[in-house]
């Protein structure tokens, strides 16, 4: 035991609290939550930077390449075309070649990144001629855009969440904080998908790490921020943040089994809004509270969708890109009920696409009901 | 040091210790694996070529082959090590060890294989650190493990740039651990093996020689002489095992020529941050001033990085420096340490003396690479937790020497990684040392004589692990140097004076390393 005001865990397998030797948090706890977060944060960014070294999805794989090319293409479209054309099919914006299929917030984010890339490395985002553009500098800049938004949105959201969740922690909770931060930030799915994803290459006996390219950290960051908002009682902040998450990625039907549960912002909607609604109804003036909530939701949506609100056609254009029901009830190897049960019940053969849509909607709503009710 | 009877709790502790040590190693290994596709220097091809040479050719050809420009220039034990590895390389992908077809081979197999061998050879470092720290208390252990196993310098040099320093320094640490335990013969044995792996480690040979002579060969003339014979015989046996076959083949001259190549200048292309940086800058400065004053000072034709060309000196004003001069200077710098070791060969001080020897070699040696700072920084990590002053000194030294390695990784994609490694390590060290030396803790160094009261007063008023304001300014200056070199210089000056940022890094780090050398010298001279 050290003399002086700081006590610490003794050199034993089991310490006073009966916990296993958590020796290595003692010096982090000595300095508090901020240092813990800083150290875990730096380590996590190091892991992300190291994963970024690896190849990305669709590398050297014409004609369609992969997610990396999709994101690059969106940057190309958003900085070169006027905002109304982003979701419209024309000669420069061929929607069948990685057309935008996320809500406008993703488009705005692509625009910001496109400006950065256009300033440093214009060839990578020039209209039409940059299709399939792959270079060292291009990859570097793209990786840095993911990392920068990860740091700007996801990390503060996690910090906010942890601070709210733990409040003023006792000594024994401090190691919990460290672990919780590490678990949230070191989520391998997020790191692998945003900064990398696995693919087993049959040519070599070794596993080749190819890296997919996404910006899930943004929508996840907003979602975590919204949860933190709910925990801290700031419902309206939570509401706005969640709407932003929704406007970034509505839902992802992934072609990778590992990714399925990663972000289904829309699927959180019933739980989220029923909780907020329930809280409103318990207030003294429920109607006022509900209308306040409604105002913030509508306001956020309006702010994001503003450029497309001038006509019904433009709104429908965007919506049709967001809900690709023509893809089918499941794609490739997603780890959910429909895919798994399709081994026994061949859904696609038994039902039409429309009836499967209705079936999945009903099934989702029914299974959500208990959490909504609570 | 007798063996203690371990209670069941002690057994549990040791089990917990080993598990924790493995955890340290595995976390580092995870990052190292992620670094597989990072930048590789020519050293990668060098080692691949050595795999090919030792696998494809008989022993008699190893030091003669010139298929590739990267000829074998390490002593024979390292060649045998490469030969051992090449057997596995051949199983994985025969093209790796093909002499002609494997030239500049850069497929995934060879990258993964070679990088994998570096990670595995780091187990040697792990064992060396374990032996040195197994009798310390748990917190000090963790701090040393953090400083040595998670050293950002090893990540940068071994796992990105590509070298086998972890392996070699591990053997040095094993040797030191035996010496600290008093088992001098084994300590000497491992050091002899190390010399036959990489001859650069011979800088510490005088220290080893004096120490072993005085510590091992003591106790009367008869016993002393017998022991001298035993030690000498053992060292000779090791050298015989290494160089014997080449003596037999009559190739020893060629081997020596390969190990000690002439034709290299005082400095490497990127100046290592040592004393000669100041010497060169003074020469240029004086030449500039003298020219302004009207004297006729000729611009030298020779350069510092090329070899000695006849009588031409690369210096305008100051006297020329030859390898002999550097050798004498290293010995001169070592002499206080040798005197101390001669007078009182204490096992607890051996790590410091050896680290000091490598620091002298780094500062005053001929054609020193900046990577050589690893040789004294890692052994110093072992003693960094002993006193508060040690901790403060080590904190500064490890940051400066890691930063001096930054120019090794000059590609953009490694930039965040090297910065993050250094930042993370610094914060962990600062956090660990602050917790180890909280406010009001007493330092472990025993006071001497009439200075007792004064020193105790000074120690009582210390504020724990707090960096002094000079050191703080220096570290801030480091950040400024980096911002200037990386961002402002290209922005403001473009391609003009392209050598200036590197030169600035060399000079600035040399200041820090000179300070460290002076500090070490003072410590050794004033220690009881």
Contact list, first residue from segment B:1-30 and more than 14 Å from chain A (Cβ to nearest Cβ), second anywhere and at pLDDT 60 or above and exposed (fewer than 13 other Cβ atoms within 10 Å of the Cβ), beta-carbon distance below 7 Å, six or more apart or interchain, is B:1/B:182
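For segment B:91-111, name all the residues that are farther than 30 Å from residue B:192 by Cα, assigned to a helix (DSSP H, G or I) and more than 14 Å from chain A (Cβ to nearest Cβ). Steps first, please.
If we filter segment B:91-111 for residues that are farther than 30 Å from residue B:192 by Cα, which is where we start, we get B:91-96, B:98-111.
Restricting the remaining residues to those that are assigned to a helix (DSSP H, G or I) gives B:91-92, B:94-96, B:108-111.
Across segment B:91-111, the qualifying residue is only B:94.
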Could you tell me whether any residue of segment A:194-211 is buried (at least 19 other Cβ atoms within 10 Å of the Cβ), at pLDDT 75 or above and part of a helix (DSSP H, G or I)? yes
Somewhere in segment B:56-79, is a residue at pLDDT 90 or above and either within 14 Å of another protein chain (Cβ to nearest Cβ) or within 20 Å of residue B:130 (Cβ to Cβ) (or both)? no
Looking at residue A:101 and the list (1) touching a residue at least 60 places away in the same chain (Cβ under 8 Å); (2) surrounded by fewer than 16 Cβ atoms within 10 Å (Cβ to Cβ); (3) within 25 Å of residue A:303 (Cβ to Cβ), which single condition is not satisfied? (2)
For segment B:348-369, name all the residues that are more than 17 Å from residue B:526 (Cα to Cα) and surrounded by fewer than 21 Cβ atoms within 10 Å (Cβ to Cβ). B:366, B:367, B:369
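I'd like the full set of residues that are in contact with a helix residue (DSSP H, G or I) (Cβ under 8 Å, 6 or more places away or on another chain) and away from every other protein chain (no Cβ under 14 Å), limited to segment A:113-122.
Kept after step one, since they are in contact with a helix residue (DSSP H, G or I) (Cβ under 8 Å, 6 or more places away or on another chain), are these residues of segment A:113-122: A:113-118, A:120-121.
Result: A:113, A:114, A:115, A:116, A:117, A:118.
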Taking residue B:38 as the residue in question, decide whether it is within 14 Å of chain A (Cβ to nearest Cβ) and under 27 Å from residue B:371 (Cα atoms). yes
Run residue A:189 past the list (1) at pLDDT below 75; (2) over 27 Å from residue A:33 (Cα atoms); (3) assigned to a helix (DSSP H, G or I) and report the number of the one that doesn't hold. (2)
Being closer than 30 Å to residue A:44 by Cβ, away from chain B (no Cβ under 14 Å) and free of Cβ contacts under 8 Å to residues at least 40 places away in the same chain is true for just one of A:110, A:96. Which residue is that? A:110
Name, by its number, the condition in (1) modelled with pLDDT of 85 or more; (2) over 25 Å from the mean Cα position of the chain (by Cα) that does not hold for residue A:130. (1)
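Which of the helices (runs of 4 or more DSSP H) contained wholly in segment A:1-88 include at least 1 residues that are modelled with pLDDT of 60 or more and more than 14 Å from chain B (Cβ to nearest Cβ)?
Working: elements: A:26-29, A:33-51, A:67-80.
Qualifying helices (runs of 4 or more DSSP H): A:67-80.
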Note on segment B:53-88: residues under 22 Å from the mean Cα position of the chain (by Cα) and not in a helix (DSSP H, G or I) are B:72, B:73, B:74, B:75
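In this structure, is residue A:101 more than 9 Å from every other protein chain (Cβ to nearest Cβ), at pLDDT below 85 and touching a strand residue (DSSP E or B) at 6+ places or on another chain (Cβ under 9 Å)? Let's see the steps before the verdict.
Numbers: more than 9 Å from every other protein chain (Cβ to nearest Cβ): yes; at pLDDT below 85: yes; touching a strand residue (DSSP E or B) at 6+ places or on another chain (Cβ under 9 Å): no.
No; evaluated as a whole, the condition is false for this residue.
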If I filter segment B:258-270 for residues that are over 30 Å from residue B:317 (Cβ atoms), touching a residue at least 40 places away in the same chain (Cβ under 8 Å) and not in a loop (DSSP other than H, G, I, E, B), do I get at least one hit? yes
Going through segment B:210-257 in order, the residues found to be modelled with pLDDT under 90, part of a helix (DSSP H, G or I) and surrounded by 15 or more Cβ atoms within 10 Å (Cβ to Cβ) are B:224
Kindly check whether there is at least one residue in segment B:407-430 that is within 19 Å of the chain's Cα centre (by Cα) and facing another protein chain (nearest Cβ under 7 Å). yes
Of all the residues that make up segment B:346-360, how many are over 17 Å from residue B:191 (Cα atoms) and touching a residue at least 40 places away in the same chain (Cβ under 8 Å)? 3
Assess whether residue A:108 counts as being out of contact with any helix residue (DSSP H, G or I) (no Cβ under 7 Å at 6 or more places or on another chain), modelled with pLDDT of 85 or more and farther than 26 Å from residue B:416 by Cα. yes
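What about residue A:140, is it modelled with pLDDT of 85 or more, over 15 Å from residue A:69 (Cβ atoms) and touching a helix residue (DSSP H, G or I) at 6+ places or on another chain (Cβ under 7 Å)? Even if it seems obvious, please write down each step before you answer.
Working: modelled with pLDDT of 85 or more: yes; over 15 Å from residue A:69 (Cβ atoms): yes; touching a helix residue (DSSP H, G or I) at 6+ places or on another chain (Cβ under 7 Å): yes.
So residue A:140 fits the description; yes.
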Go through segment B:470-486 residue by residue and tally those that are exposed (fewer than 12 other Cβ atoms within 10 Å of the Cβ) and closer than 19 Å to residue B:416 by Cβ. 2
Pull up segment B:436-469, narrow it to residues that are at pLDDT 60 or above and touching a helix residue (DSSP H, G or I) at 6+ places or on another chain (Cβ under 9 Å), then point me to the one that is farthest from the other protein chains (Cβ to nearest Cβ). B:468
Listed residues B:338, B:334; which is crowded, with 23+ Cβ neighbours inside 10 Å and part of a helix (DSSP H, G or I)? B:334
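The values are calculated or read from the model by the stated rules, or taken from the named source; none is laboratory data. Since the model is a prediction, treat every value here as computed from it, not as a measurement. No Cβ is skipped: glycine too gets one built from the backbone with ideal geometry, and neighbour counts run over all protein chains shown.
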